[in-house]
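J.: Here's a structure for you.
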Amino acid sequence: MNDLTARRQFLKQLGVSAGAIPFLSGLPGVGNLLAANQAGPKKRVVIMFSPNGTIPKEFWPDQAGKDFTCKRILQPLEPYRHRMTVLNGVSNNIGGDGDRHMRGMSCLLTGTELFPGNIQGGSDSPAGWASGISIDQEIRNFFQSQEATKTRFGSLEFGVAVPNRADPWTRMSYAGPNKPVAPIDDPKRMMERLYGKMEDKESLVSIVDDVREDIKKISSKLATEDRVLLDQHLQLVSELEKELASQSESDELAHPMPDIDPKIELVNENTPRISRIQIDLLVNSLANDMSRVATLQYMRSVGQARMNWLGIEEGHHGLSHEPDNNAEAEEKLTKINEWFAAELAYLVKRLDETPEPGQDGSMLDNTLIVWLNELGKGNTHTLENIPFVLIGGEKATGFKMGRYVQMPKNTSHNRLWVSVAQSMGHQIETFGNQIYCQGGALDLVSEMTAPNPAPAKPKPAQPKQTG
Amino acid sequence: MVMPSFVPIFRTAAAALLFAVGSAGALDLQNHPGKAIYQKLCTECHADDGMGAADFPDVDPLIGTRDLQELIGKIERTMPEDEEHLCVGDDAKMVGYYVYHAFYSQEAQNRDKIITPDVTRLTNEQLRNSVSDLISTFRNAGFPPKNDEPGIKGHYTLDDRERAGNNDFERQKFERIDPQIAFDYGEGLPGLPEGMTSDMKQFSMDWRGSLYARDTGVYEFTIRTRNGVRLFINENNHNDVPTIDGWVAPDNEIREVKGQVFLYGGRRYPVRLEMFKYKEKLAMVEFRWKPPHGADEIVPDRVLTHHSSPESFVSEITLPADDRSYGYERGTTVSRVWLDAVTTMAFEAADHVVEYADELSKAVTKDENRDKRIREFAAEFTARAYRRPLKPGERESYVDPHFAGSESVDDGLRKVVLRALTSPYFLYPGTAFDSPHGPWAKASAMALASWDSVPDNHLRKFASENKFDHHNPKRLEDLAWRMQWDSRAHYKIRGFFHHWLELDKATEIAKDTELYPEFSDEMIGDLRTSLELFIDDVVWSDQSDYRQLLLANHLFLNERLGKIYGKPEVKGSFQKVSLPDNARNGIITHPFLLTSFAYHNNTSPIHRGVFLTRNIVGLSLKPPPEAIEFEDNHFPPNLTMREKVTEMTSAKACMSCHSMINPLGFSLEHYDAIGRWREEEMNRPINDDGILETDAGDRIEIKGPRDVAEYAANSPAAHEAFIRQLFHHTVKQPLLAYGPETSQKLEESFRHNGHSIRYLLIKMVMAATEPVIPQS
């Protein structure tokens, strides 16, 4: 089969709809598919965020080790248990300005304090933006600095139901101090960013017919010399129609493909569908090598989503503040986190089912996914024991998966980022605020599941005096 | 661009013509002595039928509207070329008569032809306006009040909150209208209303109102602040992405946060600025903008109002430039680029309509059954796009099938909107109507003439009640007046002056900064504003007297311009400044035009003269027989500009036009290349005298620009030119397409009504409802 057809079929398998296809060919990045980068296995990292902490007793497995059991929240990921590492004991120890939610969000990927500022959270001192770069952008810059790992976008920031506000609760990704990066939560906008402006073919075709009809009716009532302009219009429309027709012939060869409707309305009840569309677009963008770094942000820290598709009417954040003995609330929160896990499972499945272009194995082999949260637990606002889950990417990272690892209490999460960076080939020894990097990268490549106690936890910085 | 010489510019002496035809009996041209002269002296270049011989492609057809005397005069002076002595006196009279009646005059041309409006598409301006306004008819716009107190409404809240999340704290609130948002609060609170005291520490403001965008283009907004701010322009939904999101203030230092919006001119847009101070030491906020063609400044009070306005649809799509070969913008060409752009705009509009479907559809019916409501809305949308109610069967063909074939009602709506906006019924206004004289056709014509847009709800009501009857012309006139008060009419009228006075040349002006150190982008921006203020002041006064455009002795100056143009006592922003006798005479001596029509290092009497000849005085000019570039170094250094130009244009071939151009251009020689008055050039006194000889046989002595201004203010030729150009801009069709006597009627009305420009426009809008109908 010819190059063009092969490209198209491949894209369809990745879930880009037929309607969008005519406009894809010739775009940068798309042509790289078959002439894939042969410079060794690709390395990719995807970071997925969900808010308001987890329910520890429904999340954490009982025992460290290789044969752990997935409790309720992790059940949707059961098929991938052997490719998963659940990390306990890793905490966000960053102190300084801002309340726990703000620090939970904006220090999470940056590993450094927030600037003092004017945004007051529920407690603590008011804060501004993060004072350093986030790990996804750090890795992005590293990849972009080398020909072999450079991509068109470097990184892509996806969102689902993210409010249109720029503040330390809605931003986890930073290109540098005071430089938050906004996620795109509108599939249409993301599609336009990736593939340029696209109009669906179906609508265009129907327009063409209607215009022709109208012109015929009008022209029949006009004197000859008055028809000239309309005749020209008709001719142009016929040209357009021919172009559309020549593309639809190759569409007949299509395999069945998932449905992407990028025009979807951004309302709460569509969140589950939007989530799937965004995941499809994310996988698609990685497959086309438009980027090797991606983040997927669900809502924001303190997210108050009403997940009525789960039969839950109350806002997420409100529920997360119910006391432990409120069984009903706990049940709902468990369901919510199960749902996030199911979305993660969909992402993992898509990557697992997609062959790595030009190589053996699947995309999942080369893509490390990190699922994280801004809090360990909602009602205490604790930043300890953040529920970190690593999945996939073994070929790229060398990490040993299929285990539940208990790190020493309050291991600084900066060290996890150092590990991730190093696994991507970026040989840094520290990331974020250095005082939290003592002990260096976490060991994720050996088989052990309960390492020896790490050096003493450093004292968090005191909030700076303002004014 | 020079207009072809046959474009009608002289008033047809209709009465004289009829008389002449009558006296010649049944026009016996075949045996007229003029024909023999014509065949002997003229046929070689002009051909038997006057269309121009094949060997002489530069010779234009002998068609025009000089009257008989003017034509005879022209022939006598200039024909045959280089041998004018061969045809003078009676010979000229005879051949002139023959040419006039055989092919030259309107009547000769129209003998076998009826001129009707051309089938044209919407111009770019009309397309943008129509799509946006069509959607807006489903929103609650209201009619903005005149004489509004300028400024934006601030809602102030002071509180003693110590931490967020704790709702138990005291608040104090008040409101007031602030002319601008430019405050430095230092460590304290905003100014409090009379009688209020406060010991609160934190405060927040919510300024809301509307912003008037004068021009179409990109508006760059900047907020300078130490604190947290957000700005929403043309977004009424608080959940939308803000135009500027500067909520997080990283430190208390002054920073600038910026955002850009594309807006259509002549409209108001909702604006909302939020600001808060929380436990920071200092607070300040400045709301600034840089409009298209303008400089960065604090958003002035004159563009702000505290009234709200609905959001409107704006598309940033670039459209290929409209055809201007007729001398004005017309939708007479189509191209693939244009079709693609129109299609993309239709998609954008469809997305917008679907996003706001619930709000928009409620304007049609408040039915609780959403499905039904959306379908009704879709049908009404199509009707408004066609500018008339749907005919029986049209809903079944154009609207319903799209719902039947769609997965959801929103999808169906999307397709209906796409169809409506790409249909020729929408894009080629006029094609939707069975007759151009029906009420809906008239409403459409008035809306296009007044606003370059679709009928609004008031106009549609007028049409649906069929109030366009002939027995009550006053009602039609009142309607036209009402329409003129809409800001979109202001925008369109401004557009006319932009074209007429070539204001867009401003971007190309560059001056020698050694000779003119005062020259800068800000100065040119100010000059343009000064000219616009002048025009506005004349046009929107009660008299709206055209002659004042040419004769008024004042300028609008601000401090910067005051220093340059001899009025250093002017301080601050623009004011109307009276000038001593005749130092300035309206637009022709306005420094903007004088600067624009000049070289970078000297005046240019030729550019100024051409502009005055064609645009202001209303005489026609052919392109020069030889294109000659002005090269200063070809002349002895001690010659004045006048002397150089005189020498350059002294050849007979040049003189046929330069005998008019030069005296007009020289009359302005007292104004240097940036429009300042000077007494001398190179230590020699300026000579601005001249004699203007027109084809009509007028001989006007010029002793300065005042004489030119008075001639232009009072001569019928100048009036005719003004009216013709204004009509073209307004109706975008030839005058004759609205009846052979329309031009004359407009001129008479103009002169009988104090030369009121606005009343002239009213008459034109009304005339637009009476096109000539093709006879089948």
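J.: Using alpha carbon centroids, what distance separates region B:443-461 and region A:369-404, in Å?
T.: Between the Cα centres of region B:443-461 and region A:369-404 lies a distance of 63 Å.
J.: So, one more: Distance in nm between label sites at B:D251 and A:L222, each 7 Å beyond Cα in the beta-carbon direction?
T.: Each label point is offset 7 Å from its Cα along the Cβ direction, giving 6.6 nm.
J.: Net charge near B:E701, counting Lys/Arg +1 and Asp/Glu -1 over other residues with Cβ under 14 Å of its Cβ?
T.: Here the charged neighbours net out to -3.
J.: Here's another thing I want to ask about it. For a quick check: with amide H placed at 1.01 Å from N, whose amide H comes under 5 Å from B:H155's, ignoring anything fewer than 5 positions away on the same chain?
T.: Correct list: B:D206, B:W207, B:R208.
J.: Eigenvalues of the Cα gyration tensor times 5, then square-rooted: what semi-axes does that give for chain B, in whole angstrom, largest first?
T.: Semi-axes, largest first: 53, 38, 21 Å.
J.: Testing the spin-label approximation: label points 7 Å from Cα along Cα→Cβ at B:S541 and A:A148. State their distance in nm.
T.: A separation of 7.9 nm, rounded to one decimal place.
J.: With a sphere of radius 12 Å drawn around the Cβ of A:N88, what net charge do the other residues whose Cβ falls strictly inside it have (Lys, Arg +1; Asp, Glu -1)?
T.: After counting each charged neighbour, the total is 0.
J.: Straight-line reach from B:K763: which lysines fall under 17 Å, measuring Cα to Cα and dropping same-chain residues less than 8 apart?
T.: B:K442, B:K474, B:K492, B:K732, B:K745
J.: Check the straight Cα-Cα distances from A:K409 and name the lysines below 22 Å, setting aside those fewer than 8 residues away within the same chain.
T.: A:K57, A:K66, A:K71, A:K377, A:K400, A:K457, A:K459
J.: In deg cm²/dmol and to the nearest 500, what is the mean residue ellipticity at 222 nm of chain B if only DSSP H runs of at least 4 residues count, each as -39500 (n - 2.57), divided by the residue total?
T.: -11000 deg cm²/dmol
J.: Give the calculated FRET efficiency between B:S578 and B:D358 to the nearest 0.05, with a Förster radius of 56 Å applied to their Cβ-Cβ distance.
T.: Computed FRET efficiency for B:S578 and B:D358: 0.50.
J.: Follow-up question, since we're still on this one. What net charge do the residues around A:M105 carry, taking every other residue with its C-beta under 11 Å from that of A:M105, with Lys and Arg at +1 and Asp and Glu at -1?
T.: Taking every other residue near A:M105 into account, the sum is +1.
J.: Quote the FRET efficiency, to the nearest 0.05, computed for B:H155 versus B:S487 with a Förster distance R0 of 30 Å and r equal to the Cβ-Cβ distance.
T.: The formula returns an efficiency of 0.70 here.
J.: Residue by residue through region B:490-505, what is 3J(HN,Hα) from phi via Karplus (6.51 cos²θ - 1.76 cosθ + 1.60, θ = phi - 60°)? Round to whole Hz and write x for glycine and proline.
T.: Coupling constants for region B:490-505: 4, 4, 5, 5, 4, x, 4, 5, 4, 6, 4, 9, 6, 5, 6, 5 Hz.
J.: Select from region B:368-423 those GluC sites (Glu not before Pro) which occupy a DSSP coil region and have at most 10 other Cβ atoms within 10 Å, ordered by residue number. Spell out each step's value before the answer.
T.: Details: sites: B:E368, B:E376, B:E380, B:E394, B:E396, B:E407; in loops: B:E368, B:E407.
Those satisfying the criteria are B:E368, B:E407.
J.: Taking the alpha-carbon distance from B:K281 and a cut-off under 16 Å, which lysines remain once sequence neighbours fewer than 8 residues away in the same chain are dropped?
T.: The reachable lysines, counting only those whose Cα sits under 16 Å from B:K281, are A:K464, B:K201.
J.: Would you mind getting the Kirkwood hydrodynamic radius of the protein assembly as shown from its Cα pairs, rounded to one decimal in Å?
T.: Value: 35.6 Å, from the Cα pair sum.
J.: To the nearest 10 degrees, how steeply does helix B:652-666 sit against the main Cα axis of chain B, on a 0 to 90 scale?
T.: Approximately 50 degrees, to the nearest ten.
J.: Hey, what's the Cα Rg ratio for region A:93-189 versus the globular rule of thumb, 2.2 N^0.38 Å?
T.: Scaled against compact globular proteins, the figure is 1.14.
J.: Can you compute the charge dipole magnitude of chain B about its Cα centre, using +1 on each Lys and Arg Cβ and -1 on each Asp and Glu Cβ, nothing else charged? Give it in debye, rounded to the nearest 20.
T.: The calculation lands at about 2060 debye.
J.: Next up: Along the charge dipole of the protein assembly as shown, Cβ charges K/R +1 and D/E -1, which of B:W481, B:V314, B:G495 sits furthest on the positive end?
T.: Of B:W481, B:V314, B:G495, it is B:V314.
J.: Determine, for A:S446, B:S105, the number of other Cβ atoms within 10 Å of each Cβ, and report the residues in order from fewest to most.
T.: Details: A:S446 9, B:S105 24.
If I rank by nearby Cβ atoms, fewest first, I get A:S446, B:S105.
J.: Sticking with this structure for a sec: If one computes the Cα centroid of region B:25-94 and of region B:481-506, what distance in Å separates the two points?
T.: 41
J.: Sticking with this one: What does the charge dipole of region A:291-388 about its Cα centre add up to, to the nearest 20 debye, if the Cβ of each Lys and Arg holds +1 and the Cβ of each Asp and Glu holds -1? Could the numbers behind the result be given before it?
T.: Details: 8 positive and 16 negative charges, 66 e Å.
The dipole of region A:291-388 has a size of about 320 debye.
J.: What is the calculated FRET efficiency for B:A295 to B:W677, with r their C-beta to C-beta distance and R₀ = 22 Å, to the nearest 0.05? Don't skip to the answer; put the middle values down first.
T.: On the way: r = 26 Å, r/R0 = 1.17.
My answer for the efficiency is 0.30.
J.: What is the distance, in nm, between label points placed 7 Å from the Cα along the Cα-to-Cβ direction at A:D209 and at B:V337?
T.: According to this spin-label approximation, the distance is 3.2 nm.
J.: Once you've got the Cα coordinates, tell me which of B:K576/B:K622; B:K290/B:K571; A:K263/A:K332 are over 28 Å apart. Walk me through the intermediate numbers first.
T.: Numbers: B:K576/B:K622 39 Å; B:K290/B:K571 22 Å; A:K263/A:K332 31 Å.
With Cα atoms farther than 28 Å apart: B:K576/B:K622; A:K263/A:K332.
J.: Say the dipole of region A:58-135 comes from +1 at the beta carbon of Lys and Arg and -1 at that of Asp and Glu; which of A:V86, A:P126, A:G111 then lies farthest toward its positive end?
T.: A:V86
J.: Evaluate the charge dipole of region B:357-512 about its Cα centre and quote only its size in Debye, nearest 20, assuming +1 on the Cβ of each Lys and Arg and -1 on the Cβ of each Asp and Glu. Before the final figure, lay out the partial values.
T.: Details: 26 positive and 25 negative charges, 80 e Å.
Charge dipole, region B:357-512, about its Cα centre: 380 debye, nearest 20.
Each value in this text was obtained by applying a stated rule to the coordinates, not by laboratory testing. On a predicted model such as this, the values are computed, not experimentally measured, just so you know. Counting neighbours? That spans all protein chains shown, and the Cβs are built from the backbone with ideal geometry, glycine included.
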